[in-house]
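Read the structure below first, then the notes.
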Amino acid sequence: MKALIIGAGGVGTVATQKIAANPVFTEVMLASRTKSKCDAVAAAIGGNRVQTAQVDADSVPALCELFRSFKPDIVVNLALPYQDLTIMDACLECGCNYLDTANYEPKDEAHFEYSWQWAYQDRFKAAGLTAILGCGFDPGVTAIFTAYAAKHHFDEIHYLDIVDCNAGNHGMAFATNFNPEINIREVTQKGRYYQNGEWVVTEPHEIHKPLHYPEVGERESYLIYHEELESLVKNYPTIKRARFWMTFGQEYLTHLRVIQNIGMARIDPIMYNGVEIVPIQFLKAVLPDPKSLGANYHGQTSIGCRIRGIKDGKEHTYYIYNNCDHEKAFRETGTQAVSFTTGVPAALGASMWAKGLWRGAGVFNVEEFDPDPFLKELGEQGLPWHELFDVDIEL
Ligand code: NDP
């Protein structure tokens, strides 16, 4: 099986290491906009195990040229959400299977939803190819946790709260944990949650409350919109309410407010000294590279699902989560825990496909596959998970 990874950022670095270490993949290639970054990742892995290439993933012809020469069985898209559709188009044209970790976003609109990628369903089905959407941690493991809960512990899931805490400290006044442009677009948009068949919209960060996270303690948690809510409420129609909570420190929120107020989060082009620039892209260029945060990052992430539902006629609560230590992630891969918790599931999802455990013709969200083989291996790959039964889930 041949795997082609696109994107040599923090997530791509981790996924390439994990895919290269997996014997199911006979050949591995890492391609990105800047080839020198791919070469550095390949050199660190060593043994000529990873080939590298330059590619412009915004261009279907450029992607097809690469796909036709390397002939990947599966393409693991770890570039940016902007490239999802061009990479899916190239996969269809060249007969490759597809996996990503973030749903499509148009560059000129800070808005993400699955409709653009679900629209590829018939074409992937007709081509007999698999497209796996959202196989990072959130989306990704959070949806697989939900699938596991539905399979083993509930007849009906009624309330789902996904909780994402980053209790790490990188020592910088302000930095984002993954691509700054995508991150700031995500956290500055309006909040949204699902209740009784409808989406309820809130002002950004309007709803918040303190939640307790295992081994971390209490952290203020903010209701934001997150993409897996859209597929989970579709795939688990018994859900009455689905929400997503993320922790932010006061310092981070203050910086974010200033960035917005002074117009640096704008995504529309402006003229500066006769050159067209997009403020948020300029901001990305001056913020710390998320990949560089690892060396001084201490503390843990804690991400999981808090679920309330019915089993054998009785109401139960269930909390399934993973804690990931920034320093441990850095020791193993040279990146911080956010890149690690995303890159490991992406590599494992590709392995599930390569081993024939997750297959099918069409476009799938990860909760549509069997969660058992994935979760069986997730701990061995560095992300052990834990379950708590009938505890106070605070929500
Ligand atoms: P980075 O910005 O660090 O890396 C993105 C990489 O993609 C860079 O190497 C960049 O190249 C490359 N790239 C960008 N545009 C193109 C293009 N047109 N052609 C070829 N290569 C391109 O991002 P991260 O590694 O932090 O994140 C990667 C993905 O993972 C993002 O889509 C992000 O949304 C997603 N993510 C998902 C999470 C989850 O849990 N599901 C959590 C965190 C991230 P260059 O180096 O030249 O800039």
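The values are calculated or read from the model by the stated rules, or taken from the named source; none is laboratory data. No experiment lies behind these values; they were computed from the predicted model shown. Here the Cβ positions follow ideal geometry from the backbone for every residue, glycine too, while neighbour counts run over all protein chains shown. Accessible surface areas use protein heavy atoms only, side chains included; no ligands, DNA or RNA. Shrake-Rupley method; radii C 1.70, N 1.55, O 1.52, S 1.80 Å.
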Among bridges DSSP assigns within the chain, what percent are antiparallel (round to 5)? 60 percent
Setting aside same-chain residues fewer than 8 positions from residue 2, which lysines have a Cα under 23 Å from its Cα? 18, 35, 37, 71, 125, 355
Where trypsin sites (Lys or Arg not before Pro) fall in DSSP loop in segment 69-178, at most 16 other Cβ within 10 Å: 107
How much length would be gained if the chain were fully extended between residue 121 and residue 332, taking 0.36 nm per residue of separation minus their Cα-Cα distance, in nm to one decimal? 72.2 nm
Whole-Hz Karplus ³J(HN,Hα) for segment 276-292, in order, using 6.51 cos²θ - 1.76 cosθ + 1.60 and θ = phi - 60°, x for Gly and Pro? 7, 10, 9, x, 5, 6, 5, 4, 4, 5, 9, 7, x, 5, x, 5, 8
Whole-Hz couplings from phi, Karplus 6.51/-1.76/1.60, listed for segment 4-21; x for Gly and Pro: 10, 9, 10, x, 9, x, x, 5, x, 4, 5, 4, 5, 4, 5, 5, 5, 7
About the Cα centre of segment 258-395, what is the dipole size in debye to 20, counting +1 per Lys and Arg Cβ and -1 per Asp and Glu Cβ, all else neutral? 340 debye
Helix-derived mean residue ellipticity, 222 nm - over the chain, DSSP H n ≥ 4, -39500 (n - 2.57), to 500: -10000 deg cm²/dmol
Using Cβ-Cβ distances only, list the Cys residues of the chain with no partner cysteine under 4.7 Å, sorted by number. 38, 64, 94, 135, 165, 305, 324
Rounded to whole angstroms and listed largest first, the alpha-carbon spread of segment 1-110 along its three principal axes comes to 41, 27, 20
How would you rank 132-139, 249-256, 270-277, 54-61, highest first, on the average number of other Cβ atoms within 10 Å across their residues? 132-139, 54-61, 249-256, 270-277
Out of 287, 114, 94, whose Cα points farthest toward the positive end of the dipole of the chain (charges: +1 Lys, Arg; -1 Asp, Glu; placed on Cβ)? 94
Using the Cα atoms as the points, what is the convex hull volume per residue of segment 292-395 in Å³? 144 Å³
Please give the peptides 342-354, 86-98 ranked by average Cβ packing (other Cβ atoms within 10 Å per residue), highest first, as a rough proxy for protection. 342-354, 86-98
Roughly how compact is segment 101-255, stated as its Cα Rg over 2.2 N^0.38 Å to two decimals? 1.11
Charged-residue dipole, Cβ positions (Lys, Arg, Asp, Glu), segment 1-142 about Cα centre, Debye nearest 20: 620 debye
Given a 1.4 Å probe and heavy atoms of the protein chains only, how would you sort 358, 116, largest accessible area at the top? 116, 358
Can you list residues whose amide H is under 5 Å from residue 30's amide H, if they're 5+ apart or on another chain and H is modeled 1.01 Å from N? 5, 51, 52, 53
Placing +1 at every Lys and Arg Cβ and -1 at every Asp and Glu Cβ, with all other atoms neutral, what dipole size does the chain have around its Cα centre, in debye to the nearest 20? 680 debye
Whole-Å semi-axes of the chain's equivalent ellipsoid (Cα gyration tensor): 30, 26, 21
Please compute the contact order of the chain in relative form: average sequence separation of alpha-carbon pairs under 8 Å and at least six residues apart, divided by the residue count, as a percent. 21 percent
With all protein chains present, the chain has a carbon and sulfur share of its accessible area (1.4 Å probe) in percent of 50 percent
Using packing as a proxy for protection, rank 156-164, 377-385 so that the peptide with the highest average count of other Cβ atoms within 10 Å comes first. 156-164, 377-385
Sequence of 264, 172 from largest to smallest accessible area, 1.4 Å probe: 172, 264
Ignoring ligands, DNA and RNA, what accessible area per residue does segment 76-166 give at 1.4 Å, in Å²? 29 Å²
Extension gain residue 65-residue 49, at 0.36 nm per residue separation less the Cα-Cα distance, in nm? 3.6 nm
Go through 201, 264, 245 and say which Cα lies farthest out towards the positive end of the charge dipole of segment 195-271; charges sit on Cβ, +1 for Lys and Arg, -1 for Asp and Glu. 201
Give the aspartates and glutamates reachable from residue 151 as a straight Cα distance under 15 Å; neighbours fewer than 8 places away on the same chain don't count. 312, 367, 368, 370, 372, 387
Pairs of alpha-carbon atoms within less than 8 angstrom and 6+ residues apart define the contacts here; what relative contact order does segment 65-142 have, in percent? 30 percent
